[in-house]
Amino acid sequence: MNDINLLKESLDTKVLNFVISTVVTGGIYPLMWFFLNQRKLTEAMKDNFVDSNYPLWIAVATGLGWFLSDFSYEISDEDTILDYIAALLSFASVVMYIVWGFKAKAAIQAYALKNSNLNSK
């Protein structure tokens, strides 16, 4: 891909649609988006900025956090160790989202810079 717009067109993600889909699906949509588009990003930019299984690990941390939170609620009305583990997993998934975002930003900026240099020659 020599044109920066080709990457944008291949992803074809509108911010408003992304936010609405995230709210409607209870947070599952971003996980699916990561899983489906991570390969497109790395192939287009020729930069494997995170491991190909990274979206899977975000999904595992998020899913286990949700599951343990619900399970803990079913077994006790008071806080249990499962509540703390669920909170820790939820926090970890948020941190993983943020890390992915910063790494993706750096990779996209490098890709754009490389393509702008190629196009100016």
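The values are calculated or read from the model by the stated rules, or taken from the named source; none is laboratory data. Being a predicted model, the structure only gives us computed values, none of them experimental. Quick reminder, even Gly has a Cβ in these numbers, built from the backbone with ideal geometry, and neighbours come from all protein chains shown.
Among the conditions (1) aliphatic (A, V, I, L, M); (2) within 29 Å of Lys8 (Cα to Cα); (3) without any contact (Cβ under 8 Å) to a residue 40 or more places away in the chain, Val50 misses just one, which is (3). Mind checking which residues of the range 16-47 are loosely packed, with under 14 Cβ neighbours inside 10 Å and polar (S, T, N, Q)? Within the range 16-47, Asn17, Thr25 meet the criteria. The single residue among Ala87, Ala61 that is under 19 Å from Met32 (Cα atoms) and surrounded by 13 or more Cβ atoms within 10 Å (Cβ to Cβ) turns out to be Ala61.
Out of the range 42-51, which residues are in a loop (DSSP other than H, G, I, E, B) and modelled with pLDDT under 85? Give the steps one after another, and end with the answer.
Residues of the range 42-51 that are in a loop (DSSP other than H, G, I, E, B), as a first pass: 46-51.
Correct list: Lys46, Asp47.
From the set of residues in the range 12-41 that are more than 12 Å from Trp100 (Cβ to Cβ) and among the polar types (S, T, N, Q), which is modelled with the lowest pLDDT? If we take residues in the range 12-41 being more than 12 Å from Trp100 (Cβ to Cβ) and among the polar types (S, T, N, Q), then Thr13 is modelled with the lowest pLDDT.
Out of curiosity, is Ile58 of a type in the set (A, V, I, L, M, F, W, C), more than 19 Å from Asp12 (Cα to Cα) and assigned to a helix (DSSP H, G or I)?
Working: of a type in the set (A, V, I, L, M, F, W, C): yes; more than 19 Å from Asp12 (Cα to Cα): yes; assigned to a helix (DSSP H, G or I): yes.
The answer is yes for Ile58.
Residues in the range 1-40 that are among the aliphatic types (A, V, I, L, M) and more than 24 Å from Asn117 (Cα to Cα): Val15, Leu16, Val19, Ile20, Val23, Val24, Ile28, Leu31, Met32, Leu36.
Can Tyr54 be described as at pLDDT 85 or above, of a type in the set (Phe, Trp, Tyr), touching a helix residue (DSSP H, G or I) at 6+ places or on another chain (Cβ under 6 Å) and surrounded by 14 or more Cβ atoms within 10 Å (Cβ to Cβ)?
Working: at pLDDT 85 or above: yes; of a type in the set (Phe, Trp, Tyr): yes; touching a helix residue (DSSP H, G or I) at 6+ places or on another chain (Cβ under 6 Å): no; surrounded by 14 or more Cβ atoms within 10 Å (Cβ to Cβ): yes.
It is false that Tyr54 is at pLDDT 85 or above, of a type in the set (Phe, Trp, Tyr), touching a helix residue (DSSP H, G or I) at 6+ places or on another chain (Cβ under 6 Å) and surrounded by 14 or more Cβ atoms within 10 Å (Cβ to Cβ).
Between Ser76, Ser69, the distinction of being out of contact with any Phe, Trp or Tyr (no Cβ under 9 Å at 6 or more places or on another chain) and surrounded by 14 or more Cβ atoms within 10 Å (Cβ to Cβ) belongs to Ser69 only.
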